[in-house]
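One structure below.
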Amino acid sequence: MLRLMLALVAMLPTQFAAKAAPAFSLNEIAPGIYAHRGETSLMTRENFGDIANLGAIVGEDAVAVIDTGGSLIEGRAFLAALREKTQKPIRYVINTHAHPDHTFGNGAFVETGATFVGHKNLPRALAARGPHYLSAFRAQMGDALDGVTIVPPTVTVDETLTLDLGHREIVLQAWRTAHSECDLTILDPKSGVLFSGDLLFLQHVPVVDGSLLGFLEVADRLAAIRATQVVAGHGPIPAPWPKALDDERAYLMRLTADLRAAIKKGEGVAAAAKTAGTEEREKWRLFDDYNARNATAGFAELEWEGP
Amino acid sequence: MNKAPLCAAGALFAFIATAALAQTAPDPWPGLVTDIFQSRPIAAADGVIDLDAPARAEDAAIVPMTMRFSDPTQIKLATLVIDQNPMPMAAAFTLGEKSGVGFIETRVRVNSYSNVHAVAETSDGRLRADAKFVKASGGCSAPAVKDQDEAIANIGKMKYREFKSADPAKREAQIMIRHPNASGMQMDPVSRAYLPAHFIDQVEVFQGDAPIFKMEGGISLSEDPAFRFSYAPNGAKTIRVEAHDNKGGVYKGEWPIGEAS
């Protein structure tokens, strides 16, 4: 760990050097399966964007990395920590979707020669949103954003794709628009570990940036995946599968029911966004950062239901 | 009306590069007054027009904005401007002469911290403005289309809704039009070319043959543009809508007006 911390300090802009560098934890949660727990927080200069869970799957021949973190700094810390666990080549970097906390560290892995893999809609989503993310997060993260580049995948997944890491075949599955329009899950059948990306939130209130109804449907379909443990996009790792889905489904159902009732009553979107889903507030962290946003987008979606 | 701001696509890229500086950049409003309002003097709202905007954009792609008019007979044109957006002129509503429109609510994209102006042109030709400051949304919210395949698959579908009106002399309704209303900013991953903008640029709403309003707008309107409004009924049996987009798409809808409630 000391080596890692020193390496990290050396990479930081000088104004950070005096601060204690963050310790980057990477734990083996099953044989050959590593996971990193991000903070349940917004991306800031202080946390280097380290808010999402990340992972790595090690086969006999090669490694697949799952998401890269919220900054180049975090991506490099992840790579350094991974190199302490294994020297096998990193053959794939898989992004579970386009959001900055999962993709801003991609640049750290370019020099490993890994192939970047994502949902068929991921290139389009990164192209449409990348420039906005880079400018919007500069205000939140300041120089912790330095060096971040948008690295799109060169291999994309239409439905499912199996990747062989050497006596370890992992299964990537692309989903319809749910949390976002480019959600991908990764299953390691050997260990029974599922990496859900942001199709599963634990403790961190779910974020709907694609389709509320799609998210509900996919959450139901996810439950059929034959896994025993899950690494969620956010929250404690690992968690029992499929029980870990329960809270998220309850939240999405409550929000949907409240929005439908508000639409039926003729409420406007601004009023509905203030109240829908708020019974769930005490169950979640960052509720006030995201619930009104989920409600706003959900209202605009559900308004099209019915005649 | 001067459409120059709508056509300033070349400025989009410059905007993105400098967006991080938006909070300290010079106020764009004086330049917008020149571009959109030909440098005409703009007086305080003085109750003639009132803008209801959220303090913070929750979802950058869907930010509700409501313009209210204390005396609809005075209002000829009401323009909504998102100062810091790549195309600031979001929508300009020309009100029908006897339409009695008391308010118009729509949804816009807000890219970054921005003032939002609602400018009324009154029947004497003078301009009055109300303004609100809107904080940008946080997190991974982007002013982008949620599901591009879905948006294109459903393009042009319309929905009409009626509501109980608080004012017994008025009716209240909403028009919704499926459309990506996309900026065209994104690069096509195959051709590496920037996709052209594709957005609703005009919506006309009538009761019978009498215009309620005509909207001219651009990419600052949210995908699936929606307009909720009140109007003074003239006894017509139907609400009729004709919308156009910048690629020549024409979308029409007509619905019976329900019993007054």
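Only the coordinates and a few stated rules stand behind these numbers; no lab work does. Since the model is a prediction, treat every value here as computed from it, not as a measurement. Using ideal geometry, Cβ is built from the backbone for each residue, glycine included, and neighbour counts are taken over all protein chains shown.
The table below gives the values:
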{"quantity": "Over chain B - Rg/Rh using Cα atoms and the Kirkwood inverse-distance radius", "calculated": "0.96"}
{"quantity": "Computed over chain A: relative contact order in percent, which uses C-alpha pairs under 8 Å that are six or more apart", "calculated": "14"}
{"quantity": "Farthest positive-ward along the protein assembly as shown dipole, Cα basis, beta-carbon charges - from A:170, B:205, B:86", "calculated": "B:86"}
{"quantity": "Among B:118, B:43, B:232 the positive-end extreme of the charge dipole of the range B:4-256 (Cβ point charges)", "calculated": "B:232"}
{"quantity": "Computed lengthening from residue A:275 to residue A:261, 0.36 nm per intervening residue step minus Cα-Cα distance", "calculated": "3.9 nm"}
{"quantity": "Ratio Rg/Rh, restricted to the protein assembly as shown and using Cα atoms, in which Rh is the Kirkwood radius", "calculated": "1.00"}
{"quantity": "Count of lysine pairs in chain A with Cα separation under 21 Å (8 or more residues apart, or interchain)", "calculated": "7"}
{"quantity": "Point-charge dipole on Cβ atoms (K/R +1, D/E -1) for the range B:119-261, about Cα centre, debye to 20", "calculated": "260"}
{"quantity": "Rh (Kirkwood; distinct C-alpha pairs) - the range A:164-307, Å", "calculated": "15.7"}
{"quantity": "Under-18-angstrom lysine pairs by C-alpha in chain B, whenever the two are 8 or more apart or on separate chains", "calculated": "18"}
{"quantity": "The range A:75-133: Rg to Rh, with Rh as the Kirkwood radius over Cα pairs", "calculated": "1.00"}
{"quantity": "Share antiparallel - DSSP beta bridges, chain A, percent rounded to 5", "calculated": "60"}
{"quantity": "Centroid-to-centroid separation of the range A:67-107 and the range B:203-245 [C-alpha atoms, Å]", "calculated": "49"}
{"quantity": "Shielding by other protein chains, B:51-59, mean Cβ within 10 Å", "calculated": "4"}
{"quantity": "Per-residue average of Cβ from other chains inside 10 Å of B:106-112", "calculated": "2"}
{"quantity": "Alpha-carbon Debye profile of the range A:78-187, log10 I(q)/I(0) at 0.11, 0.18, 0.21 Å⁻¹", "calculated": "-0.37, -0.95, -1.19"}
{"quantity": "Net dipole in debye of the range A:2-244 [+1 Lys, Arg Cβ; -1 Asp, Glu Cβ; about Cα centre; nearest 20]", "calculated": "240"}
{"quantity": "Inter-probe distance in nm under a simple model that places probes 7 Å from Cα toward Cβ, at residue A:60 and residue B:157", "calculated": "5.1"}
{"quantity": "Percent of Cα pairs exceeding the 26 Å cut-off, where the set is the range A:2-244", "calculated": "31"}
{"quantity": "Considering only the range B:4-256, percent of DSSP beta bridges that pair antiparallel, nearest 5", "calculated": "95"}
{"quantity": "Label point at residue B:123 placed 7 Å out along Cα→Cβ; residues across the range B:60-87 whose backbone nitrogen lies under 19 Å", "calculated": "B:68-79"}
{"quantity": "Spin-label model distance (nm) - residue B:237 vs residue A:224, 7 Å beyond Cα toward Cβ", "calculated": "4.9"}
